[in-house]
Amino acid sequence: MSGRPAQERVHDFLEVDPGITEDEAVVEASRCMECKKPLCIQGCPVQIDIPAFIERISQGDFIGAADKIKEQNMLPAICGRVCPQETQCEATCILGKKDKPVRIGQLERLVADIARNRDQKVPKVAESSGKKVAVVGSGPAGLTASAELAKAGHHVILYESLHMPGGVLTYGIPAFRLPKEIVDFEIKQVLSLGVELRTNHFIGRTLTAEELLQYDAVLLATGAGLPYFMDIEGENLNGVYSANEFLTRINLMCADEFPTYDTPVLKGKNVVVIGGGNVAMDAARVARRIGGDVTIVYRRREEDLPARLAEVYHAQEEGISFVYCAAPTKILGERAVTGIECIRMNMDVLDDSGRPKPIPIEGDTFTIDADIIIGAIGQGPNPVLLREIDGLTLGRSGNVITSEHGETSIPHVFAAGDASSGAATVILAMGTAKKAAQTINRMFKEEQL
């Protein structure tokens, strides 16, 4: 968990983690045990041949390693930075049982960065199939599906409602964790496969659901952009943001540079972020960089935080305070926020998942002074398009119900990523998108037969 000094980085949005060097990568790659049954591949949602690319690194062939990754993943520099490898491929590394696992994520990041600067090859594309596929949403799931379908020879039209592609990669994850030039480059790599991008297209408004269904296949990858709210008194006061809005204003609309850019954002002296996931860490660290003293309020214990350990560590280094075992009950103020009332939680009872179940302790309340409150308690699928497609079966949270292969209740319509699973990680969204794309390929082959 290396990084630039906290006292330096809290004043800018430059990348925190410098990564490893080429020499360090060769040494790290040489630690791989070259297992006959590599569990690390099973731990990777997009099924990268991890031992094969690591072997190329150990030989100093960084470009060859990057090419090997791109056979299965067209977003390696992104994944090398934001994927939770510690709970996926690295968690299944056999070496990790007796020693530290191979640093797969850092190796992937390095070779992707080298390839970006030295070599810009993309995988070969099959001959045209004559099929047209509409992919709705250009986040990690939409980009992954588009790449897989384009490589198979299909004409992919990628629809994006905003003026910039990338979804959560663009508007959600801050530049200090995922630089925007890297997102831009890897999106261009996907488009270079022949994918046609159409921005400013809100399906259900700019293009009707009926028009969308005229394609040979449709893949819904609209993500989870609908924020959940706390449903407490004072939530409509000035100074209350959802993390979704706050991060979008900063990341996509340059609100941190207002008035140079048109989008304003309140820059509070005392900011309280509610939640304990990666989005909460992102919002808190962004608020810290634009000048606020930041406190994170989380209803469970520190060891229960769902955010990546590195993100929690970096937040603590940057001076962000944490209040554990507490939940908000009321936002204080008349027109604008002046503070937040919270209640202490009892953590003695376990829930079905084995985690402590937060139970409010009656009467044990306290207040925190604040002029900005940011809610980061989760988000769900955007319902505007999904509810307009007749016959599409949705779950209770508004997510699209699919088979394990991405099939929906409508023939030729598929769904992947957060639109079907609910809010999850970038790499899990990509994994479901690959499965859905493979299902579409099989469907076209069966139709031809």
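Quick note: the coordinates plus some simple rules give every number you see, no bench work behind them. The shown structure was predicted, so the numbers you read here are calculated from the model rather than taken from an experiment. Cβ: placed from backbone, ideal geometry, glycine included. Neighbour counts: every protein chain shown.
General observations
- For region 249-388: rounded, prolate or oblate by the Cα gyration tensor [a/c cutoff 1.5]: prolate
- Positive-end residue, the chain charge dipole about Cα centroid, Cβ charges, pick of Ala150, Ala327, Ala221: Ala150
- Each part reduced to its alpha carbon centroid, region 386-449 and region 299-330 end up 34 Å apart.
- Overall dimensions of region 155-269 by Cα: Rg and Dmax, Å: 16.9, 53
- Were the residues from Ser30 through Val323 laid out at 0.36 nm apart, the gain over their Cα-Cα distance would be 101.3 nm.
- Here the chain is treated with +1 on each Lys and Arg Cβ and -1 on each Asp and Glu Cβ, and its dipole about the Cα centre works out to around 700 debye.
- Extreme residue, positive dipole direction of region 155-211, given options Thr170, Leu191, Ala209 (C-beta unit charges): Thr170
- Per-residue ellipticity at 222 nm computed for the chain from its helices equals -9500 deg cm²/dmol, with DSSP H segments shorter than 4 residues left out and the rest contributing -39,500 (n - 2.57).
- Of all DSSP-defined beta bridges confined to the chain, some 40% are antiparallel rather than parallel.
- Close amide-amide hydrogen proximity is noted between Thr329 and Glu341, Cys342, Ile343, each under 5 Å apart and 5 or more residues distant or on a separate chain (H modeled in the peptide plane; Pro and chain starts excluded).
- Among Asp256, Asp364, Asp216: highest mean-square fluctuation, GNM of the chain, C-alpha pairs under 10 Å: Asp364
- Cα extents of the chain along the three principal axes, largest first (Å): 68, 56, 50
- Along the axis of the charge dipole computed for region 93-161 (Cβ charges of +1 for Lys and Arg, -1 for Asp and Glu, origin at the Cα centre), the listed residues Gly105, Val122, Gly139 are led at the positive end by Gly105.
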